[in-house]
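Peer 1: Please find one structure pasted underneath; my questions will follow.
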Amino acid sequence: MNSGHSATDTTASKSAALRARLAPYVESGAVPGLVAFVLRDGREQVEALGVKTAGKPDAVERDTIFRIASMTKPTAALATLLAVEDGKLRVDEPVDRLLPELAKRQVLNRLESQLDDVVPAKRAITVRDLLTFQLGFGIVMAPPNSYPIQTATAALELGQGIPWPATPPSPDEWLRRFSTLPLMHQPGEQWLYNTGADLLGILVARATGESFDDFLRERLFEPLAMIDTDFHVPPAKLSRFTTSYVVDPQTRAPTQYDAIDGEWSRAPDFPGGGAGLVSTGDDFLRLSRFMLSGGSVNGKRLLSADLLRQMTSDQLTPAVKARGGLTPDFFARHSWGYCISVVTERDELGRSAGSYGWNGGLGSSWYVDPSKNLAGVLLSNCAWTNPSPPPLFQDFWREVTA
């Protein structure tokens, strides 16, 4: 048998195995629809299963558009690094030059403190702090209203929970509201999720003189031909969009969270770097190829290999990791680069050390493994119930990495 037949047979076998792993989740109704993409040594594998809207015959297809939630975060880092490449920002400069609202921060004495129980920040917040989520502010992994700072953050409608694009105000007003809050921890002392990415969007806009979404489109999405990645779905593309579901805590069944013509059918006032994008599997394969190439597209360098290496390398000290992450064991086999998870030793899902990527809480996951010339993307229309990957995603990654 020649090598061509061997490669074809192997691809067909892997395709059948992946489909067999994923199909039960759709057939049982646990997830209405999904599309899985694997890029292995330059060869693509695509499996589309289920429907865009439960109870309707509109099948998920290769070009179906999904809400990717926190998979937005790595694009915020890339936009920031493109601004660094342009000389508009420096990674280790204080943000005060462009975000004067964040100068001379006050910091809570303890997370449990009332908002006026504060001390001065020991140093300024830097661009690196935003990129690595060490600015001293983020989502607290506790029930709502467990701490006064949580209650105050929610009251300001800063969009620090499950994505809902119509809620947060315009960037300048968002930052004005945010600046009225103290930090939760001293800059550089604690890893806290999410807020750094939203701040990066405002920072990039002020550094470049363009809106964050325009800069992303011009400098990243258009050069990479990520033609369906944006902060909303225009009318002409709504037929390719999905209904979004969350799991009902009582019945464990998917229940509608957002309709096809809902929150993502119009441009938001705040295009945040934390969670606002929609995209397709093909667009993230294009992003994967760009990352695997070391920052080039079609032979043209878009981002320096050094900045890309920084982004995808462990940027946290052991002391910071010891203070905890999204889950109690979050940093056991992973760390954090610039708005992206980095695998530090082969993880429980078979991903190699040096792999990097991230997940989206509305039902998506993306990782790249340079050592295997491998990338995987799984997009679904049903949200996760907590930060740990649900069984569907565990099975996807174990099959991809086997």
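Peer 1: Looking at the stretch 384-397, is at least one residue surrounded by 18 or more Cβ atoms within 10 Å (Cβ to Cβ), under 15 Å from the mean Cα position of the chain (by Cα) and under 28 Å from S15 (Cβ atoms)?
Peer 2: Yes, the stretch 384-397 contains at least one residue that is surrounded by 18 or more Cβ atoms within 10 Å (Cβ to Cβ), under 15 Å from the mean Cα position of the chain (by Cα) and under 28 Å from S15 (Cβ atoms).
Here's the yes/no breakdown for (1) within 22 Å of T132 (Cα to Cα); (2) surrounded by fewer than 16 Cβ atoms within 10 Å (Cβ to Cβ); (3) touching a Leu at 6+ places or on another chain (Cβ under 7 Å); (4) among the small types (G, A, S):
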{"position": "G159", "(1), (2), (3), (4)": "yes, no, no, yes"}
{"position": "Q190", "(1), (2), (3), (4)": "yes, no, no, no"}
{"position": "G201", "(1), (2), (3), (4)": "yes, no, no, yes"}
{"position": "F215", "(1), (2), (3), (4)": "yes, no, no, no"}
{"position": "L224", "(1), (2), (3), (4)": "no, no, yes, no"}
{"position": "K237", "(1), (2), (3), (4)": "no, no, no, no"}
{"position": "R240", "(1), (2), (3), (4)": "no, no, no, no"}
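Peer 1: Given the condition within 23 Å of L81 (Cα to Cα), touching a residue at least 40 places away in the same chain (Cβ under 8 Å) and part of a loop (DSSP other than H, G, I, E, B), answer yes or no: does some residue in the stretch 206-221 qualify?
Peer 2: Among the residues of the stretch 206-221, at least one is within 23 Å of L81 (Cα to Cα), touching a residue at least 40 places away in the same chain (Cβ under 8 Å) and part of a loop (DSSP other than H, G, I, E, B), which makes the answer yes.
Peer 1: While we're here: Among (1) under 30 Å from L362 (Cβ atoms); (2) assigned by TED's automatic domain parsing to the domain that holds W174, which single condition is E93 missing?
Peer 2: It is condition (1) that E93 fails.
Peer 1: Looking only at the stretch 267-288, which residues are touching a residue at least 60 places away in the same chain (Cβ under 8 Å) and either over 16 Å from T229 (Cα atoms) or of a type in the set (A, V, I, L, M, F, W, C) (or both)?
Peer 2: Residues satisfying the conditions are D269, F270, A275, L277, V278, F284, L285, L287.
Peer 1: Determine the pairs where a residue that is closer than 11 Å to L200 by Cα, located within the stretch 77-96, has a partner that is basic (K, R) and at pLDDT 95 or above with Cβ atoms under 7 Å apart, the partner being 6 or more residues away or on another chain.
Peer 2: The qualifying pairs are A79/R219.
Peer 1: Using the structure shown, decide if R176 is among the basic types (K, R), in contact (Cβ under 8 Å) with a residue 60 or more places away in the chain and buried (at least 21 other Cβ atoms within 10 Å of the Cβ).
Peer 2: no
Peer 1: Let me ask you something else. If we keep just the residues of the stretch 293-318 that are under 22 Å from H185 (Cα atoms) and free of Cβ contacts under 8 Å to residues at least 40 places away in the same chain, which is surrounded by the fewest Cβ atoms within 10 Å (Cβ to Cβ)?
Peer 2: For the stretch 293-318, the residue satisfying everything is P318.
Peer 1: Quick one: is S28 at pLDDT 95 or above, crowded, with 18+ Cβ neighbours inside 10 Å and of a type outside the set (A, V, I, L, M)?
Peer 2: When the stated conditions are applied, S28 does not pass them.
Peer 1: May I ask you to list the residues in the stretch 242-261 that are buried (at least 17 other Cβ atoms within 10 Å of the Cβ) and either touching a Lys or Arg at 6+ places or on another chain (Cβ under 7 Å) or more than 23 Å from A197 (Cβ to Cβ) (or both)?
Peer 2: Residues satisfying the conditions are T242, T243, S244, Y245, V247, P254, I260.
Peer 1: Quick check on T75: is it of a type in the set (V, I, T), in a helix (DSSP H, G or I) and either within 23 Å of N359 (Cα to Cα) or touching a helix residue (DSSP H, G or I) at 6+ places or on another chain (Cβ under 7 Å) (or both)?
Peer 2: yes
Peer 1: Out of the residues in the stretch 203-213 that are among the small types (G, A, S) and surrounded by fewer than 20 Cβ atoms within 10 Å (Cβ to Cβ), state the one that is nearest to Q150 (Cα to Cα).
Peer 2: S211
Peer 1: For the stretch 5-25, give me each residue that is of a type outside the set (A, V, I, L, M, F, W, C), more than 16 Å from P390 (Cα to Cα) and at pLDDT 95 or above.
Peer 2: If the condition is that a residue be of a type outside the set (A, V, I, L, M, F, W, C), more than 16 Å from P390 (Cα to Cα) and at pLDDT 95 or above, then R19 is the only one that fits.
Peer 1: Considering only residues that are within 20 Å of A103 (Cα to Cα), among the hydroxyl-bearing types (S, T, Y) and under 16 Å from the mean Cα position of the chain (by Cα), which ones fall in the stretch 176-229?
Peer 2: If the condition is that a residue be within 20 Å of A103 (Cα to Cα), among the hydroxyl-bearing types (S, T, Y) and under 16 Å from the mean Cα position of the chain (by Cα), then T195 is the only one that fits.
Peer 1: Something else: Can you spot a residue in the stretch 54-69 that is outside the structural domain of G337 (by TED's automatic domain parsing) and aromatic (F, W, Y)?
Peer 2: So far as the stretch 54-69 goes, no, none of its residues is outside the structural domain of G337 (by TED's automatic domain parsing) and aromatic (F, W, Y).
Peer 1: Quick test of your reading of the structure: W336 fulfils all but one of (1) in contact with a strand residue (DSSP E or B) (Cβ under 9 Å, 6 or more places away or on another chain); (2) free of Cβ contacts under 8 Å to residues at least 60 places away in the same chain. Name the failing condition by number.
Peer 2: Of everything listed in (1) in contact with a strand residue (DSSP E or B) (Cβ under 9 Å, 6 or more places away or on another chain); (2) free of Cβ contacts under 8 Å to residues at least 60 places away in the same chain, W336 misses just condition (2).
Peer 1: Mind listing whichever residues of the stretch 107-152 are over 19 Å from the mean Cα position of the chain (by Cα), among the β-branched types (V, I, T) and surrounded by fewer than 19 Cβ atoms within 10 Å (Cβ to Cβ)?
Peer 2: Residues satisfying the conditions are V118, V119, T151.
The values are calculated or read from the model by the stated rules, or taken from the named source; none is laboratory data. Note that this is a predicted model, so its numbers are computed, not measured. Cβ sites come from the backbone with ideal geometry, for glycine too, and all protein chains shown count toward neighbours.
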